[in-house]
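Bear in mind these aren't lab numbers, they're just calculated from the coordinates by the rules spelled out. Predicted model, so just to flag it, every value in this text is computed and none were measured. Cβ placement follows ideal geometry from the backbone for every residue including glycine, while neighbour counts extend to all protein chains displayed.
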Amino acid sequence: MLKKNVDGSFGFMTRSVHGGNEVDAETGAIRRPITMANSYELPYDPSDMNWSSADGQIYTRNGGANQRYLQEKLALLHNVPDCVVLASGVAALSGVFFAFLKSDSHIVMSDSTYIAAYRLINELFPDKFNVEKTLVDSSDIKTVKAAIRPNTRLIHIETPSNPTIKISDIRAIADIAHAHGALLSVDNTFASPYNQRPCELGADLTVESLTKYINGHGDAMGGAVLGAKELIDQIRSQAMVNLGGAISPFNAWLIMRGAVTLPLRMRQHNESAQKIAFFLQTLPQVRFVAYPSLSAHKNQKIAATQMHGGFGGVLSFGLNADHDGHNRFVSKLRVITSAVSLGHDESLIVFLGENDERQYLYEKEFHGGFFRLSVGLEDTQDLIDDIRQAMQD
């Protein structure tokens, strides 16, 4: 039987196509099928089995076949030893925090992050588990280093960050974490493994919201954590088996299918987003543009060093307009859709108003309300024309 013996020596596109896939032993299909079972056949004598084990196939909460295939693919894409796939990106974040933080431990976290990460660390973990936290501008290495305490167990950063597109130096922060006996986890969702692979830069754990670029079609939810087996096993045991954060077989299959075209899609996302960022800079109606490749971005050189495929498909910008002016602009868009999420085939825009509870953490230009734009796969010129016509009074 033909087997896809693809490893890290193959190119990214080859790994995207063949990773985690084999000829199905029963049917001969060259695409692994969806296995919708929630239970698997037990051995002759199961009496001494560990019912919470994630080894082998027992029960889908402990890990299913389609989840395993997807984990194989993602580990190859990130070039890491192990991966655990969970029900959502938030489940992946929760899994990292739950596994490696305990009462009276301390976490240093980026001050610009996905809202769920902010909620977990700014509110839930301190209130429920007495975890100490410090939110810092992780694009400033000195600030990160100054925040370290004797009980710091974890540094968690996003780069590029959501929603202000900050860039943090992964390698430098990994050195800081390891010098103080802490772990570094990096939310890589805005970059995807095509553009950036944090564990290759020294991070201990990489978090991906599979809902976004890796799936790429806006029709499935999932999350992943990648890294060394001894770390991933802790998340697999605690967050998946005992907290029940398992992904459904159908979502795992959908994401597996979507990941095949990840490199092709990311090339277009990267190219279009950069052109649109440059275009927005030319408009008198635009107050600011945040995108890693722009010379005005304070950490553009770091982004260019650690992001090899491109700079991603997400940018932020604000208008020289009041609250209603921002909303009027969105209402005139014909191609770009007003909706949350990112990394879809279609372009999505969301207005973040002046009442954002995290505004005190943002740099000044973000205080007047701004947009987060996820650039999709439409013709770039159609997107530029759509923005231009919506800017007209």
- prompt: DSSP beta bridges in segment 12-259, what fraction antiparallel, as a percent rounded to 5?
  reply: 40 percent
query: So in segment 262-391, what percent of DSSP beta bridges are antiparallel if you round to the nearest 5?
result: 85 percent
- prompt: Which order do peptides 186-195, 85-94 fall in by mean Cβ count within 10 Å, highest first?
  reply: 186-195, 85-94
message: On the Cα set of the chain, report Rg and Dmax in Å, please.
response: 21.3, 75
field: Net +/- balance of residues flanking K229 in space, Cβ distance below 13 Å, scoring K and R +1, D and E -1
entry: -4
- request: Give the residues of segment 283-316 whose amide nitrogen is closer than 19 Å to a point set 7 Å from the Cα of R388 in the direction of its Cβ.
  value: 283-287
field: Least to most buried among Y40, Y360 (fewest other Cβ within 10 Å first)
entry: Y360, Y40
Sequence of H308, H326 once ranked by neighbouring C-beta atoms within 10 Å, starting from the fewest: H308, H326
task: In a Gaussian network model over the chain where Cα atoms closer than 10 Å are linked, find which of K298, K229, K128 has the largest mean-square fluctuation.
output: K128
query: Among the lysines, which fall within straight-line cross-link reach of K73, defined as a Cα-Cα distance under 18 Å, with same-chain neighbours fewer than 8 residues apart omitted?
result: K3, K4, K212, K229
- prompt: Summing +1 for each Lys or Arg and -1 for each Asp or Glu, what net charge is found among the other residues whose Cβ lies under 14 Å from the Cβ of K212?
  reply: -4
task: Please report, in Å, the Rg and the Dmax of segment 262-391, where both are computed over Cα atoms only.
output: 14.1, 39
Estimated distance in nm for a label pair at T143 and R287, the labels positioned 7 Å out from Cα along Cα-to-Cβ: 2.0 nm
- request: Please name which of I30, L77, S341 has its Cα lying farthest along the dipole of the chain towards the positive end, using unit charges on Cβ (Lys, Arg +1; Asp, Glu -1) and the Cα centre as origin.
  value: L77
- prompt: Mind checking which lysines have their C-alpha under 25 Å from K142, skipping anything on the same chain fewer than 8 residues away?
  reply: K133, K166, K298, K301, K364
- prompt: Assuming R0 = 51 Å, what is the FRET efficiency of D104 and T27, from their Cβ-Cβ distance, to the nearest 0.05?
  reply: 0.40
- request: Pop a pseudo-label 7 angstrom from the Cα along the beta-carbon direction at both E354 and H367 and give the gap in nm to one decimal.
  value: 1.1 nm
field: Cut-off 12 Å between beta-carbons: net charge of the residues surrounding L101, Lys and Arg +1, Asp and Glu -1
entry: +2
query: Where a ≥ b ≥ c are the square roots of the eigenvalues of the C-alpha gyration tensor, would you call segment 251-318 rounded, which needs a/c under 1.5, or, failing that, prolate if a/b is larger than b/c, or oblate?
result: prolate
query: Could you work out the helix-only [θ] at 222 nm for the chain, with each DSSP H run of four or more residues adding -39,500 (n - 2.57) and the total divided by the number of residues, to the nearest 500 deg cm²/dmol?
result: -9500 deg cm²/dmol
